[in-house]
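Structure incoming, see below.
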């Protein structure tokens, strides 16, 4: 096969653990977990990240007894802890048992699956008809032999690319999971479009500054741009506007008002730098804020934009007003 330019889009696959391997029957990846013929009575989820909690919540609502084991100090590692606490409350209401700072071991006892959970408080054993393993993804690069074409790889097997998705071989591009996290379908789609434009001769490059992310837990979490923990870690001064959905009329009428909208802005220019939404329809609400960051909007621009009443996006307008100290439904700080 010969070509002038090529795009590598071989994707990725779920990772397993040295002591726990997928067998497709009792130890499952996300793909197999969504193809079960019946709802398991007892489900263990090893890995309390996005996929683990999305699928774990799904089965908990269908009646499974779910236990989640996460090695880090919080579920959804890397997500704003304030947003995670909202999701944790729902998990507790659903009866989901969560162990953080913990590790899991799988064994079978007289044909029954058992998960031994090593927690800071000691060993806990839980029955598990199936175990869902969600501890990350690895790139599908093992059999590519792309190194023969001068394509360089990173230490974890991901293909190295520049801002135009070009590899170390100027005629070979790579997109999606194969180049590393975040593992988002819409990110891969945008990368594919960008690579195609570059090949066509257009002077474009990828900008991840306004890349949204959505977590389909209950409630949903959606983010874009700079997050508050990230700003704190950088020692960066920011202006924050936060409004709970309990202050928004539409959320109250639907009975889904646990959560909030949080905006992060530059204290001098008031330019919107990032946003976190946790609550009803967060995955839809984040698009307005993504557009605002893409356009370089300020929180003043958002606050001056009239939003229809009663709607959930009023929470965005109110949060922008809160960042300016002008909110009318909460106390201003």
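Any chance the range 128-148 includes a residue that's surrounded by 12 or more Cβ atoms within 10 Å (Cβ to Cβ), in the same structural domain as residue 35 (by TED's automatic domain parsing) and more than 23 Å from residue 13 (Cβ to Cβ)?
Looking for residues that are surrounded by 12 or more Cβ atoms within 10 Å (Cβ to Cβ), in the same structural domain as residue 35 (by TED's automatic domain parsing) and more than 23 Å from residue 13 (Cβ to Cβ), one finds at least one in the range 128-148, hence yes.
Another one. Which condition number in (1) touching a residue at least 60 places away in the same chain (Cβ under 8 Å); (2) touching a helix residue (DSSP H, G or I) at 6+ places or on another chain (Cβ under 6 Å); (3) more than 21 Å from residue 223 (Cβ to Cβ) is the one that residue 104 fails?
(2)
May I pose another question? In the range 272-287, what residues are surrounded by 18 or more Cβ atoms within 10 Å (Cβ to Cβ) and over 15 Å from residue 260 (Cβ atoms)?
272, 273
Another question, if that's okay. Checking the conditions here, which among 227, 234 is within 30 Å of residue 158 (Cα to Cα) and in contact with a strand residue (DSSP E or B) (Cβ under 6 Å, 6 or more places away or on another chain)? Before you say what the answer is, go through the steps one by one.
Working: 234 fails: in contact with a strand residue (DSSP E or B) (Cβ under 6 Å, 6 or more places away or on another chain).
Going through 227, 234 in turn, just one is within 30 Å of residue 158 (Cα to Cα) and in contact with a strand residue (DSSP E or B) (Cβ under 6 Å, 6 or more places away or on another chain): 227.
Scan the range 98-108 and tell me whether some residue there is surrounded by 13 or more Cβ atoms within 10 Å (Cβ to Cβ), outside any loop (DSSP other than H, G, I, E, B) and either more than 27 Å from the chain's Cα centre (by Cα) or at positive phi (or both). Before the answer, list the steps.
Residues of the range 98-108 that are surrounded by 13 or more Cβ atoms within 10 Å (Cβ to Cβ), as a first pass: 98-106.
Filter once more, so that each one left must be outside any loop (DSSP other than H, G, I, E, B): 98-99, 103-106.
Those still in the list that are either more than 27 Å from the chain's Cα centre (by Cα) or at positive phi (or both) too: none.
No.
Quick check: anything in the range 25-42 within 20 Å of residue 188 (Cα to Cα) and in a loop (DSSP other than H, G, I, E, B)?
Looking only at the range 25-42, we keep the residues that are within 20 Å of residue 188 (Cα to Cα), and these are 30-31.
Narrowing further to those that are in a loop (DSSP other than H, G, I, E, B): none.
Checked against the condition, which is being within 20 Å of residue 188 (Cα to Cα) and in a loop (DSSP other than H, G, I, E, B), the range 25-42 yields no hits at all.
Sort through 211, 206 and tell me the only one that's assigned to a loop (DSSP other than H, G, I, E, B) and closer than 20 Å to residue 50 by Cβ. Give the steps one after another, and end with the answer.
Numbers: 206 fails: closer than 20 Å to residue 50 by Cβ.
One residue alone meets the criteria, 211.
When you go through (1) crowded, with 19+ Cβ neighbours inside 10 Å; (2) within 30 Å of residue 149 (Cα to Cα); (3) touching a helix residue (DSSP H, G or I) at 6+ places or on another chain (Cβ under 8 Å) one by one for residue 222, which number turns out not to apply?
Of the numbered conditions (1) crowded, with 19+ Cβ neighbours inside 10 Å; (2) within 30 Å of residue 149 (Cα to Cα); (3) touching a helix residue (DSSP H, G or I) at 6+ places or on another chain (Cβ under 8 Å), the odd one out for residue 222 is (2).
Can you confirm whether the range 149-168 contains a residue that is crowded, with 19+ Cβ neighbours inside 10 Å, in contact with a strand residue (DSSP E or B) (Cβ under 9 Å, 6 or more places away or on another chain) and within 25 Å of residue 35 (Cα to Cα)? Give the derivation first.
Of the residues in the range 149-168, the ones crowded, with 19+ Cβ neighbours inside 10 Å are 151, 159, 161, 165-167.
Subsequent filtering for residues that are in contact with a strand residue (DSSP E or B) (Cβ under 9 Å, 6 or more places away or on another chain) retains 151, 159, 161, 165-167.
When the remaining residues are screened for being within 25 Å of residue 35 (Cα to Cα), the result is none.
No, the range 149-168 has no match at all.
Of the residues 182, 229, 212, which is crowded, with 17+ Cβ neighbours inside 10 Å and either within 14 Å of residue 79 (Cβ to Cβ) or under 14 Å from the mean Cα position of the chain (by Cα) (or both)? Give the steps one after another, and end with the answer.
Working: 182 fails: crowded, with 17+ Cβ neighbours inside 10 Å; 229 fails: crowded, with 17+ Cβ neighbours inside 10 Å.
Checking each option against the conditions leaves just 212.
Just to check your reading of the model, which residue among 75, 55, 50, 117 is over 24 Å from residue 282 (Cα atoms), at pLDDT 95 or above and not assigned by TED's automatic domain parsing to the domain that holds residue 180? Working first, answer last.
Working: 75 fails: over 24 Å from residue 282 (Cα atoms); 55 fails: over 24 Å from residue 282 (Cα atoms); 50 fails: over 24 Å from residue 282 (Cα atoms).
Going through 75, 55, 50, 117 in turn, the sole match is 117.
Hey, can you tell me all the residues within the range 287-318 that are in a helix (DSSP H, G or I) and more than 22 Å from the chain's Cα centre (by Cα)?
Selection gives 299, 300, 301, 302, 303, 304, 314, 317, 318.
On to the next question. (1) out of contact with any helix residue (DSSP H, G or I) (no Cβ under 6 Å at 6 or more places or on another chain); (2) not in a loop (DSSP other than H, G, I, E, B): which one isn't true of residue 201, the others all being true?
Every listed condition holds for residue 201 apart from (2).
Moving on to the next point. Determine whether the range 239-255 contains at least one residue that is in contact with a helix residue (DSSP H, G or I) (Cβ under 7 Å, 6 or more places away or on another chain), crowded, with 22+ Cβ neighbours inside 10 Å, within 25 Å of residue 185 (Cβ to Cβ) and not assigned by TED's automatic domain parsing to the domain that holds residue 90.
No - not one qualifying residue is present in the range 239-255.
Among the residues of the range 66-73, is any surrounded by fewer than 17 Cβ atoms within 10 Å (Cβ to Cβ) and more than 30 Å from residue 142 (Cα to Cα)?
Start the filter on the range 66-73 by keeping residues that are surrounded by fewer than 17 Cβ atoms within 10 Å (Cβ to Cβ), which leaves 71-73.
Pick out the ones that are also more than 30 Å from residue 142 (Cα to Cα) and you get 73.
Checked against the condition, which is being surrounded by fewer than 17 Cβ atoms within 10 Å (Cβ to Cβ) and more than 30 Å from residue 142 (Cα to Cα), the range 66-73 yields at least one hit.
Among the residues that make up the range 193-202, is at least one of them within 16 Å of residue 12 (Cα to Cα) and not assigned by TED's automatic domain parsing to the domain that holds residue 110? Walk me through it before giving the result.
First pass over the range 193-202, keeping only residues within 16 Å of residue 12 (Cα to Cα): none.
Checked against the condition, which is being within 16 Å of residue 12 (Cα to Cα) and not assigned by TED's automatic domain parsing to the domain that holds residue 110, the range 193-202 yields no hits at all.
The values are calculated or read from the model by the stated rules, or taken from the named source; none is laboratory data. Please read these numbers as outputs of a predicted model, since none were measured by experiment. We place every Cβ from the backbone using ideal geometry, glycine too, and count neighbours over all the protein chains shown.
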